[in-house]
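A.B. asks: Once you've had a glance at the structure underneath, I'll fire off some questions.
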2 protein chains.
Amino acid sequence: MHSPELLKGTLQTIVLKVLKDHGRMYGYEITQRVKELSDDRIFLTEGALYPTLHKLEAEGMLKTETVNIGKRVRKYYVLTPEGKSLVKERVAEFADFIKTMANVLQVQLG
Amino acid sequence: MHSPELLKGTLQTIVLKVLKDHGRMYGYEITQRVKELSDDRIFLTEGALYPTLHKLEAEGMLKTETVNIGKRVRKYYVLTPEGKSLVKERVAEFADFIKTMANVLQVQLG
DNA sequence: TCTAATGCATAAGACTGTTATGTATTAGGC
DNA sequence: GCCTAATACATAACAGTCTTATGCATTAGA
């Protein structure tokens, strides 16, 4: 893993985009998907993930659906229309950010 | 400007790389250069910049040279050999980070 | 003459995320 | 059958990094 500080500020963006690309997901599933997509470089911790999901839900960006799997509970999250707008914003913002950084650091992208 | 949180963890990298590319610089000059290079998107605040410079100096990554300009003082910073190694590390780390993020977010680079 | 820009510096506070902890179910190795 | 790891949620104490606020002082320009 790279320095975990770099991840700061990207958590919402990651969660929102993964939800957009994979549809209905539950918390644990998100951590696993991100682990996979990042080739074991990004590990979302529960202490960061759950509060983020709750916050996005409270803001109306996500809605939930609780499902019982045997005796275990799963909370599925889905993007609301507002959430879908937010994803676009956040991803565009991140794309702009890396372009800016590439200029400042004089590095090649791709 | 993009969300300032994205900048978290990149300050040292930016400072080190700009110093590498432009040689001897003083604090205020660094803020101006970064402002330019980022096309007015990144503004390093003094409250973050000076402590960072002091820390890097304390760690032996930078050395300083104080110069009097009239009655005003300027502190020039230059990379030490250790500092030069650190730049490479940090820049490589950042490059890796954005590649990973591009995978996770499924966005094109460049 | 007054304001903005130059130039340094530190401290209080905010914001994110990590680490630690808690609870509980289920799958798999031995 | 038993124990551990994985699954699944959640919250609280703490740490790190940066922003905002403040302070001091010089110089350029309207």
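The values are calculated or read from the model by the stated rules, or taken from the named source; none is laboratory data. Remember, it's a predicted structure, so these values are computed and weren't measured experimentally. Don't worry about glycine lacking a Cβ; one is built from the backbone with ideal geometry, like all the others, and counts go over all protein chains shown. For accessibility, only protein heavy atoms count, side chains too; no ligands or nucleic acids. Shrake-Rupley method; radii C 1.70, N 1.55, O 1.52, S 1.80 Å.
A.B. asks: By how many degrees, between 0 and 90 and to the nearest 10, does the Cα long axis of helix A:81-105 differ from the longest principal axis of chain A?
C.D. replies: 30 degrees
A.B. asks: Which percent of the accessible area of the protein assembly as shown is formed by carbon and sulfur heavy atoms (probe 1.4 angstrom)?
C.D. replies: 48 percent
A.B. asks: Something else now. How large is ³J(HN,Hα) for each residue in the range B:74-80, as worked out from phi by the Karplus curve 6.51 cos²θ - 1.76 cosθ + 1.60 (θ = phi - 60°), to whole Hz, x for Gly and Pro?
C.D. replies: 10, 10, 8, 10, 9, 5, 8
A.B. asks: Please compute the average number of Cβ atoms from other chains found within 10 Å of each residue's Cβ in peptide A:5-14.
C.D. replies: 6
A.B. asks: Give me a single rounded figure for A:35-44: the average over its residues of other chain Cβ atoms within 10 Å of their Cβ.
C.D. replies: Per residue, the average neighbour count from other chains is 3.
A.B. asks: Sticking with this one: Less than 14 Å Cβ to Cβ from residue B:27, Lys/Arg counted +1 and Asp/Glu -1: what total charge do the surrounding residues give?
C.D. replies: My count for the surroundings of residue B:27 gives +3.
A.B. asks: In a Gaussian network model over chain A where Cα atoms closer than 10 Å are linked, find which of A:37, A:79, A:11 has the largest mean-square fluctuation.
C.D. replies: Residue with maximal mean-square fluctuation among A:37, A:79, A:11: A:37.
A.B. asks: According to the Kirkwood expression over distinct Cα-Cα pairs, how big is the hydrodynamic radius of the protein assembly as shown, in Å?
C.D. replies: With all distinct Cα pairs of the protein assembly as shown included, I get 19.1 Å.
A.B. asks: Something else now. Interface B/A, total buried accessible area with a 1.4 Å probe, nearest 100 Å²?
C.D. replies: When B and A are taken together, about 3200 Å² of accessible area is lost.
A.B. asks: Let me ask something else about it. When chain B is treated as a GNM, springs tying every alpha-carbon pair under 10 Å, which of B:17, B:99, B:75 comes out with the largest mean-square fluctuation?
C.D. replies: B:99
A.B. asks: Under a 1.4 Å probe, what is the accessible area of chain A per residue, stated in Å²?
C.D. replies: Using a 1.4 Å probe on heavy atoms only, each residue of chain A averages 54 Å².
A.B. asks: So if the hydrodynamic radius of chain B is defined as the Kirkwood radius over C-alpha pairs, what does Stokes-Einstein give as its diffusion coefficient at 20 °C and 1.002 mPa s, in µm² per second?
C.D. replies: 143 µm²/s
A.B. asks: Mind jotting down the distance between the C-alpha centroids of the range A:59-110 and the range B:90-105, whole Å?
C.D. replies: The range B:90-105 and the range A:59-110 have Cα centres spaced 17 Å from each other.
A.B. asks: Let me ask another. Any idea what the relative contact order of chain A is, in percent, if you count C-alpha pairs under 8 Å spaced at least 6 apart?
C.D. replies: Normalised by residue count, the contact order of chain A is 27 percent.
A.B. asks: Counting only pairs 8 or more places apart or on different chains, how many lysine pairs in the range A:1-109 have C-alpha atoms closer than 14 Å?
C.D. replies: Eligible lysine pairs with Cα atoms under 14 Å apart amount to 8.
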